[in-house]
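A.B. asks: This is the structure I have questions about; it appears just below.
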Ligand SMILES: [Zn+2]
């Protein structure tokens, strides 16, 4: 617990579950926060939301939906009243000041581009109707005023030189501030901040109940947030029968199909199309490195488990380990981020013959140096290697060093899945493996499937719009 505390800055996942036990969904609970902050956390450190929530829940008997009674969500970080709006023609900006001292400036060109009137904007489809080449680069207001409307709160009206009238709501402006603070606040909603972990900092796995995420939207939202933050969540107590990964995936969106099909079964079988279908150890890897649009989320459901020694699952936060490698040996890190590697998969499965090939480094970073994707799969690394021969040995040394860290018990969690457990994880971030086992065909049976992060994040945002409206302000 103490070690987990380091990870979460004093709040632990263990306490998350204890609190959850104290406040099961379906019981009335009230979460409060220091006066003026108007923030609450559903159950733990991941779920800091702004707003106030008081309510009870009632589960519907209809699978997949939840009815709620007496749920009051308020205080959606409403902007304070605007006290002044002023034009600054020399800067080409409108300055807006809110009560309490908050100020934002909005470029004229942007304001006009985002006019909400029916001829500029189609409200139902949330779509701009104007043409980019007609953008008024010299837009300038001839007058601005703020006024109060009964239903819509405060509005700012701008009359432009071409006599076009635009009005903007105070909340709309507030959530689109250009200040550093406002942009940072939006970043945290655009993608949830990842929390990295090693095995010693994660004594208690993030866990959710299958039944709850299937039937309750709050539990579903909580799971999706944890998946995005930690990259790994166990879903417990699913029925130990085939079809459950599909049920779970379809609670979010639709399955991402690959050449292995939609929901695939992993069992020891003769002459397999993939080494996962053998019963030897499966090295730590991320699936499908040869896909340019690699499925982002993976589910693995244990239906029957081998009862002898072996068949354990292994999970490592490979981005966390890559960051450690960067600190300990920058040259190894550089080689793994700079050196292109060919990843491939050739064969025949239920969707027919396939020949996949993609060239990417092991560690993929964005322009800010943030790690966005790990490619790791010893079986599916091509023997074609298009680098100068003098760089090859150094690259192998970096790869060996990285793999040793990935499999170090300090970073690698090892556990045996029990029937009914579904592990859900980020396939761009987590590497997973399996220790060998010695059973015959059929004794160990798991079923898996993939989803795309686009769909998972979309579902999270849709749920936030309903359950946690402050976050939905992002795109109102
Ligand atoms: Zn307009």
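Coordinate-derived values only; no laboratory data. In this text the structure is predicted, and so the values were computed from the model without any measurement.
A.B. asks: Relative contact order, percent, of segment 82-174 when contacts are C-alpha pairs under 8 Å separated by at least 6 residues?
C.D. replies: Numbers: 151 pairs, mean separation 19.9, N = 93.
Computed value for segment 82-174: 21 percent relative contact order.
A.B. asks: After finding the eigenvalues of the alpha carbon gyration tensor for segment 194-476, what semi-axes result from the square roots of 5 times each, listed largest first in whole Å? Write out the running numbers ahead of the final one.
C.D. replies: Numbers: eigenvalues 164, 119, 70 Å².
Whole-Å semi-axes of the equivalent ellipsoid: 29, 24, 19.
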